[in-house]
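Chemist: Encoded as structure tokens, here's the structure I'll be asking about.
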Amino acid sequence: MSKTDDSEELSPLGRGVPQAGVRIANERAVLSLIALMPGSSNADLARRSGLGPQTTSRIISELEDRALILRGQVLRGRRGQPATPLFLNPEGAYSIGIEIGWRHIQVTLVNLSGKVLLHEHRAYDYPDATILFAEIAARIAKIIGGLTSQQQSRFVGVGIASPTAIGRNSEMFAAHPEQRSLWETIDVADRVAADTGLSTEWFNDGSAACWAEIIALPEPRPAGFAYFHVGAYIGAGIIADGRLWEGPTGNAANLGAIMVSDRYGAPSFVHSIASITAFERWLREAGTTPPPGSPQDWDWDALEPHATAWLDDAGRALAQAAMTTQAMVELDKASMDGSMPRSVVERLLERVQYHLALLPVLRSGRPTVAIGHLGAFAAARGAALLPMYKRYFSRAWNHFGA
């Protein structure tokens, strides 16, 4: 999968600076503050961004002319001039996010405020490259065709989230042999762009899910954050210094590949212990056939005592991975989520916290670990959000004034 570099014009800056040639960066700073602190006034934005009142006022007028923000009712009865609260205009922009998963495809339409307007899901045995892209193009065409002409004029583009190595791992899903060579020669973003004529960007599925999760967190958001998603494999992402840590190719946060110890002390990978694929292998070795369909729909009570034993192993591996990540990145928080029922994810979190408390610590201590907010829908939502944030917003919220 290729990762398209941002152009200079779209390079994100956290704090606005009133110099010639940085108009777009200043607009990003102001719009980001409005998104993070809805109801802020002109004076609030000027103070927090570091821009002068006149510069801020001009930017606000331009953003309003482009239908990206809305003015609320004037607030009277305070000291000084009456203040006008400012908000994002939900109808100011739209984007589509698509997750190509190991066993499903999800399609999401969101507006500028991040609200999900449409969500579609289809399960499959494996991502079949011979038919999947025609389906993606048809679904996108249907969604675009259902928008008004005004909404279409405000459409930003398509974000695609997928695992990095679909081809290399295709044999693990009983896929036809040609699938490996097909996936290894397909540039996902280029293919979807060619099929639809729309601007398309690719993101690692773990990074996209991480971005959706950090946006879903309430203020104040952590500047250092790790995200783990238990699916067919372990999807993961890192926020470092308030920015999504993607690396040159978009694959920087493969936390599932962290080396950990299994229950016997032998070295292994988080993928090999904590993933749904690992649990299915566990069941087969125990003489039990894994259930068909999505783990979200499994009867987990019928999988006992294997489910309890696997959740304990998965919790141990994920706790070690969280501690290792803490040693590399100054984490304020980590989230655990998965493509399972909420009750099962809660059991997994309890096991992670239990094993985390048993691990020795040095100076950095243990990270705070909590349950995620979005479950199986995080990657598709993140894929939809990221093109809009790259177009309109600064992507490092911790650089703004308190």
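Derivation of every value follows stated rules applied to the coordinates shown; laboratory data play no part. Please read these numbers as outputs of a predicted model, since none were measured by experiment. Ideal geometry is used to build each Cβ from the backbone, glycine not excepted, and the neighbour counts take in all protein chains shown.
Chemist: Could you work out how far apart the two model spin labels at Arg391 and Ala370 are, taking each label as a point 7 Å from the Cα in the direction of the beta carbon, and quote it in nm?
Modeler: About 3.0 nm, to one decimal.
Chemist: Here's another thing I want to ask about it. Starting from the exponent 0.38 and prefactor 2.2 Å, build the expected Rg for the range 220-371 from its residue count and divide its actual Cα Rg by it.
Modeler: Normalised by 2.2 N^0.38 Å, the Cα Rg of the range 220-371 equals 1.03.
Chemist: Same structure again: Note the listed values (1) 39, 26, 18; (2) 43, 22, 19; (3) 82, 23, 19, then indicate which one is semi-axes √(5λ) of the Cα gyration tensor in Å calculated from this particular structure.
Modeler: (1)
Chemist: Rounded if a/c is under 1.5, else prolate if a/b beats b/c, else oblate: with a ≥ b ≥ c from the C-alpha gyration tensor eigenvalues square-rooted, which is the range 137-270?
Modeler: Oblate, since a/c reaches 1.5 and b/c is not below a/b.
Chemist: Follow-up. Considering only the other residues whose Cβ falls under 13 Å of the Cβ of Ala216, what net charge follows from Lys and Arg at +1 and Asp and Glu at -1?
Modeler: Around Ala216, the charge tally is +1.
Chemist: In nm, give the distance between the simple-model label positions of Ser57 and Arg71, each being 7 Å from the Cα along the Cα-to-Cβ direction.
Modeler: 1.2
Chemist: Here is a follow-up. Mind jotting down the distance between the C-alpha centroids of the range 143-158 and the range 80-137, whole Å?
Modeler: If we compute the Cα centre of each part, the gap is 12 Å.
Chemist: Kindly state, as a whole number, the per residue volume in cubic angstrom of the convex hull around the alpha carbon atoms of the range 195-270.
Modeler: 148
Chemist: In addition: Can you pull the one-decimal nm distance between simple spin-label points at Ala357 and Leu118, each 7 Å off the Cα toward Cβ?
Modeler: Distance between label points: 4.8 nm.
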